[in-house]
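**Q** Following this message is one structure expressed as structure tokens.
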Amino acid sequence: MSEVARTRFAPSPTGYLHVGGARTALFAWLTAKQAGGQFLLRIEDTDRTRHVDEAEQHITDSLTWLGMTPDEKPLRQSQRLDIYKQWGQKLIEAGRAYADPTSETMLDQLRDQAKAAKKAFLYRENRPAQAPIWNGSQPLRFKSKPQAYKWRDEVMGELASSPEAIDDFILIKSDGYPTYNFAHIVDDYEQNISHVIRSQEFLPSVPKFLNLYEALKIKRPKLATLPYVMRPDGKKKLSKRDGARDILDYKREGFLPEALINFLATLGWNDGTEQEIFSVDELIKKFDLARVQRSGARFDEQRLIWMNGHYIRELPIDRLDQLAGAKSKKPTFAKSTVDRQKAVSSFWPPEAEEATDDYKKAVLGLVQERLKYLAELPQLTSFFFTEPKVEQILKLYQEPVDGQLQKNPPDYKTYLSAVIKELADSDFSAKDIQNRLNKLLDRLSTKPAILFPVIRIALTGSQVSPEIFGTLHVLGKEKTLARLQKALQAL
Ligand code: GLU
């Protein structure tokens, strides 16, 4: 793509940024970056009743974390009221806008009448014959010229609408704030936006916008409509209520921005192949609005978790170590979905505080393979820092959860004594541990699927752990032998 691109993300600051919004931002960002253009942020803060003070900061933080920093200072609609008034005035002068004298009560009556007659309420039928002079205290309405339209949407393809889709909508409300319908048209024009990339909820209003572009004699930008991100069951649009989480919750849970970007990009887009993993650079090259699916994409958090695991496995160990020790800020929103409401000092379990950096790095090296996101660290690693409970060990010996141990319970005492004896002379390199335990398998005429769980349970209090030889090596000789002894004594 070589055409100029200037795109924008235009959230209303009414709450936290979630996956749906972040995906819209990403598609706009990718479209701009691909063409070497600019990506802008516009804060559409004209609905004072829904305004949330921390929301703008939160949106900026989320975009920054994801690496989608806007190329210019954000534009705030609430600071541009005079500009919308001037544009409104221009429309009045051109005979395309008028002050609306209808009271709220009257409007409600008209709506009720239309409903009773089973008709869509179109304001234009009530256009006053003689409009009063606009003094700013009445709503300013657009004087529409309803007609049928055909237009091209970059995602949805060729679209058409009938004149009934258009009425005399409000441009500026009686509180002096413009409506979305008006303000975004003015801003897109003044910001020289080339592509308007936004959610499906605005599609029914596009005919009105087309009518307004004409009245303003503005060449419209390209329009791209993104279908909704759907709930996992595909039945409804994903809402904050059904799991559309605060984007920064993913940061607090130890997800990687590159994983989230990859996940969001493939939420309703593919490159025509089966490829699922895309680096950011690759996305910038390959992304194409024309390949965005026209139907809703289902949100599947398990897929994100899987992808994050992939990116974690690719990390150099030093980087992983750095991330594991990173501090996280308190959630901005009280109702954040992450339960730990306090700032945390790192992803490590609290018991890890005493451990040396080298030890922690070695532990990371072992769990990296199975770690899906950093908040899983305590669950996967706590046994490296604290001894498992004897009761837990005994319970698992007596009632193994699954596997060979359940079918062929061995003589635990004999096995444990043999292991202790065998490892007593080991230099405790992973290689030596492996050689010795393999020899022991022969001597006890048993299989790894029986001997190794016996050792694993004594060391970790669990039937799952990272690879066994490495686990023993990292735990070290002293801890390993002590824990094996303790288990033996308890039997
Ligand atoms: N303010 C609108 C929203 O929050 C933005 C729509 C657009 O991108 O034009 O959904």
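**Q** Report, ordered by the first and then the second residue, all pairs with beta carbons closer than 9 Å, sequence separation of six or more or different chains, a first member in segment 65-93 that is touching a residue at least 60 places away in the same chain (Cβ under 8 Å), and a second member that is assigned to a loop (DSSP other than H, G, I, E, B) and of a type in the set (Asp, Glu).
**A** Final answer for the pair search is GLN77/GLU44; GLN77/ASP45; SER78/ASP45.
**Q** Okay, next question. On the given criteria, is LYS251 among the basic types (Lys, Arg), farther than 30 Å from PHE347 by Cβ and either more than 16 Å from the ligand (Cβ to nearest atom) or at pLDDT below 95 (or both)?
**A** no
**Q** Okay, next question. Identify the residue in segment 174-195 that is within 11 Å of the ligand (Cβ to nearest atom), touching a residue at least 40 places away in the same chain (Cβ under 8 Å) and in contact with a helix residue (DSSP H, G or I) (Cβ under 6 Å, 6 or more places away or on another chain) and, among all such residues, is nearest to GLU72 (Cα to Cα).
**A** By that ranking, first place goes to HIS195.
**Q** May I ask you to verify whether ALA28 is out of contact with any helix residue (DSSP H, G or I) (no Cβ under 9 Å at 6 or more places or on another chain), within 16 Å of the ligand (Cβ to nearest atom) and either without any contact (Cβ under 8 Å) to a residue 24 or more places away in the chain or part of a helix (DSSP H, G or I) (or both)?
**A** Yes.
**Q** Still on this model: Could you please find all residues in segment 1-25 being crowded, with 21+ Cβ neighbours inside 10 Å, more than 13 Å from the ligand (Cβ to nearest atom) and more than 20 Å from GLU301 (Cβ to Cβ)?
**A** ALA5, ARG6
**Q** Okay, next question. Please indicate, with yes or no, whether at least one residue in segment 179-192 is under 19 Å from ILE59 (Cα atoms) and in a strand (DSSP E or B).
**A** no
**Q** Still on this structure, I have one more. So the check is Cβ under 6 Å with 6+ separation or different chains; which pairs have a first residue in segment 153-173 that's without any contact (Cβ under 8 Å) to a residue 12 or more places away in the chain and a second one that's assigned to a strand (DSSP E or B) and surrounded by fewer than 20 Cβ atoms within 10 Å (Cβ to Cβ)?
**A** Filtered contacts from segment 153-173: GLU158/ARG152.
**Q** Residue under question is ASP100, and the condition is that it be crowded, with 20+ Cβ neighbours inside 10 Å, more than 14 Å from the ligand (Cβ to nearest atom) and within 20 Å of ILE172 (Cα to Cα); does it hold?
**A** Against the criterion (crowded, with 20+ Cβ neighbours inside 10 Å, more than 14 Å from the ligand (Cβ to nearest atom) and within 20 Å of ILE172 (Cα to Cα)), ASP100 qualifies.
**Q** Okay, next question. Has segment 196-203 got at least one residue that is β-branched (Val, Ile, Thr), within 11 Å of the ligand (Cβ to nearest atom) and closer than 23 Å to LEU91 by Cα?
**A** Yes: segment 196-203 contains one or more residues that are β-branched (Val, Ile, Thr), within 11 Å of the ligand (Cβ to nearest atom) and closer than 23 Å to LEU91 by Cα.
**Q** Within segment 103-131, take every residue that is among the small types (Gly, Ala, Ser) and either assigned to a loop (DSSP other than H, G, I, E, B) or at positive phi (or both) and give me the one that is surrounded by the most Cβ atoms within 10 Å (Cβ to Cβ).
**A** Only one residue fits best here, namely ALA131.
The values are calculated or read from the model by the stated rules, or taken from the named source; none is laboratory data. None of these values were measured; they are calculated from a predicted model. Cβ coordinates were reconstructed from backbone atoms using ideal geometry, including for glycine residues, and neighbour counts include every protein chain displayed.
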